Amino acid sequence: MQMIPQAVEKIMLHLFENDFINESRFAKAFARGKFSIKKWGRNRIVNELKRRKISAYNIKLALQEIDNENYLKTLDELAEKRFYQIKETNKYKKRKKLADYLLYRGWESDLVYERVTGLVP
């Protein structure tokens with residue numbers, strides 16, 4: 001904004017003191033939003049927070065915002081929805097496409113492969 005350094009310093013100090021800039025609050029809101037809106041898994045959320053240089057402590061706090069029961073329910077819904085969208089007839093290719101999709105979205109590999117083998121026998 002091409003402001004003088006004293007003004008920038010005063011504004012930044014005010015924002016920090018009044019808790020407008022807060023890494024913990026950002027990390028928690030980011031994790032909740034990306035999980036509930038974009039259906040991202042924990043791996044992708046962690047990677048994105050690390051990319052934004054959020055501390056490990058705040059990443060851990062952010063992941064606690066995600067309820068484990070809701071997390072597994074969302075994985076099941078997402079996997080089932082994508083399963084019916086894939087038009088592949090070969091079961092191995094279909095299994096791979098589904099697994100790749102879920103892994104790309106950041107879901108843990110053990111959960112993904114458990115769910116994929118349950119959907120594609």
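The values are calculated or read from the model by the stated rules, or taken from the named source; none is laboratory data. All figures in this text were calculated on a predicted structure; none of them were measured in a lab. With ideal geometry, Cβ positions are generated from the backbone for all residues, glycine too; neighbour counts draw on all protein chains shown.
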Quiz prompt | Close pairs from the stretch 1-24: first among the charged types (D, E, K, R), partner part of a helix (DSSP H, G or I) and surrounded by 11 or more Cβ atoms within 10 Å (Cβ to Cβ), Cβ under 7 Å, at least 6 apart | solution = GLU23/ASN58
Quiz item: Of these, LEU61, LEU72, which one is closer than 24 Å to TRP107 by Cβ and out of contact with any Ser or Thr (no Cβ under 9 Å at 6 or more places or on another chain)?
Solution: LEU72
Quiz item: If we scan the stretch 1-20, do we find a residue that is aromatic (Phe, Trp, Tyr) and over 17 Å from the mean Cα position of the chain (by Cα)?
Solution: yes
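Is it the case that LYS81 is free of Cβ contacts under 8 Å to residues at least 60 places away in the same chain, outside the structural domain of ASN22 (by TED's automatic domain parsing) and surrounded by fewer than 12 Cβ atoms within 10 Å (Cβ to Cβ)?
Values: free of Cβ contacts under 8 Å to residues at least 60 places away in the same chain: yes; outside the structural domain of ASN22 (by TED's automatic domain parsing): yes; surrounded by fewer than 12 Cβ atoms within 10 Å (Cβ to Cβ): yes.
Here the answer is yes, as LYS81 does meet what is asked.
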Practice problem: Sort out for me the helices (runs of 4 or more DSSP H) sitting completely within the stretch 36-104 that have 3 or more residues that are more than 22 Å from THR117 (Cα to Cα) and in contact with a Phe, Trp or Tyr (Cβ under 8 Å, 6 or more places away or on another chain). | Solution: 42-51
Practice problem: Look at the stretch 81-115 and say how many of its residues are farther than 15 Å from TRP40 by Cβ and either hydrophobic (A, V, I, L, M, F, W, C) or over 19 Å from the mean Cα position of the chain (by Cα) (or both). | Solution: 18
Quiz item: Got a sec? Which of TYR71, TYR92, TYR101 is out of contact with any Lys or Arg (no Cβ under 8 Å at 6 or more places or on another chain) and either aromatic (Phe, Trp, Tyr) or touching a residue at least 12 places away in the same chain (Cβ under 8 Å) (or both)?
Solution: TYR92
